[in-house]
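I have placed the structure first, in the form of structure tokens, so that the comments after it can refer back to it.
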Amino acid sequence: MITLFDVSRKGPNATTWSPNTWKVRYVLDFKGIPYHIVPVDYCDIESALKEAGVGPSGKRKDGSDVYTVPSIVDSNTGAKITDSIKIALYLEETYPETPSIFPHNSAALHQAFFAYFNSTVAPIWSTILPRVAEIMDDRPKAWYIELRSKTLGKPLAETDPVGEEREDLFRKMKDAFSLFDGFYQKSGGQFIMGSSPGFADLMIAGVVQGLKVWGEDSQEWQEFSSWNGGRWVQLLGALENYERL
């Protein structure tokens, strides 16, 4: 059984919200690998992962270790892995009898495509980070706001652009998503390689799930949902079978 660590959020039936954890969930569900989710308050991620024996995912500027989700513990093999891409590669190698997320030996191409997508749309997260605090309970919320304000060099609320700056950001983001819509149009199917989803589709769907933090009734989500003929919401619909709740 795979144990998948994610950040907790307030509210009933709300075990997953992190876009990076959504990526891993999609991979696990696509492959049909059993798992359960362990929600952890944002401020308790480091202690929870240390207790589970999961190592750090990187280093801070001051040299201290960083612990992040998603992270997994695989009771079948004893493996303990952090970072969505590393987890995906591990699952592909360890469970070769399951459907492949890298069809036709395309692992490198899928990773390159997603890295380009991720860097291209990265500016949109400035509108998401402040909203994340709103879905947390009080203790992790205070911790999150303090951490983000420190790392960003200004109060978290001020990172969310307003007015003309915000309009310009959304114009640029619409252009960016249109670029990737063009790649999908050339595939001849719903997914980047045609009729079956692969790693890049599952990763992009994870990003789109993360944008729901705006709120599905928000102006931002309604606007985004209309982009490229509804391509990105339709991608979620095409992957509904891999959204085990």
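Volume per residue, Å³, of the convex hull around the alpha-carbon atoms of the chain?
So the per-residue Cα hull volume is 133 Å³.
In the chain, which helices (entire DSSP H runs) extend 20 Å or more along their own long axis, judged by Cα positions, while averaging at least 1.0 on the Kyte-Doolittle scale?
none
Could you grab the Rg to Rh ratio for segment 126-245? Cα atoms only, Kirkwood for Rh.
1.02
For segment 133-189, with all protein chains present and a 1.4 Å probe, just round the carbon and sulfur fraction of the accessible area to a whole percent.
51 percent
With a 1.4 Å probe and every protein chain left in place, work out the accessible area per residue of the chain in Å², rounded to a whole number.
49 Å²
Quick one: with all protein chains in place, what share of the accessible area of segment 2-114 is carbon or sulfur, to the nearest percent (1.4 Å probe)?
Carbon plus sulfur share of accessible area: 53 percent.
Report the Cα-based extents of segment 155-216 along its three principal axes, largest first, to the nearest Å.
Each principal axis gives a Cα extent; for segment 155-216 these are 43, 20, 18 Å.
Normalised by the number of residues in the chain, what is the relative contact order in percent for Cα pairs under 8 Å and 6+ residues apart?
23 percent.
In whole angstrom, note down how far apart the Cα centers of segment 219-241 and segment 132-174 are.
Here the two parts' Cα centres lie 23 Å apart.
How would you order 93-101, 57-65, 119-127, 81-89 from highest to lowest mean count of nearby Cβ atoms within 10 Å? Before the final figure, lay out the partial values.
Values: 93-101: 13.8, 57-65: 9.6, 119-127: 15.3, 81-89: 20.8.
Result, highest mean Cβ count within 10 Å first: 81-89, 119-127, 93-101, 57-65.
From the C-alpha coordinates alone, can you work out the Kirkwood hydrodynamic radius of segment 85-126, in Å?
Evaluated on segment 85-126, it is 11.6 Å.
Would you please classify the overall shape of segment 37-116 from the alpha carbon gyration tensor, given that a ≥ b ≥ c denote the square roots of the eigenvalues, rounded means a/c under 1.5, and beyond that prolate means a/b larger than b/c while oblate covers the rest?
oblate
At 7 Å along the Cα-to-beta-carbon direction for both Ser226 and Glu93, put a label point, then send me their distance in nm to one decimal.
Placing both labels 7 Å beyond Cα along the Cβ direction yields 4.7 nm.
What percent do you get for the relative contact order of segment 98-240 when only Cα pairs under 8 Å and 6+ apart count?
Worked out over segment 98-240, it gives 28 percent.
Taking the Cα centre of segment 1-124 as origin and charging only Cβ (+1 Lys, Arg; -1 Asp, Glu), how large is the dipole, in debye to the nearest 20?
My answer is approximately 280 debye.
The values are calculated or read from the model by the stated rules, or taken from the named source; none is laboratory data. Just so it is clear, the structure is predicted and the values come from calculations on it, not from any experiment. With ideal geometry, Cβ positions are generated from the backbone for all residues, glycine too; neighbour counts draw on all protein chains shown. For the accessible areas, the whole protein counts, side chains as well, though only heavy atoms, and no ligand, DNA or RNA atoms are used. Shrake-Rupley method; radii C 1.70, N 1.55, O 1.52, S 1.80 Å.
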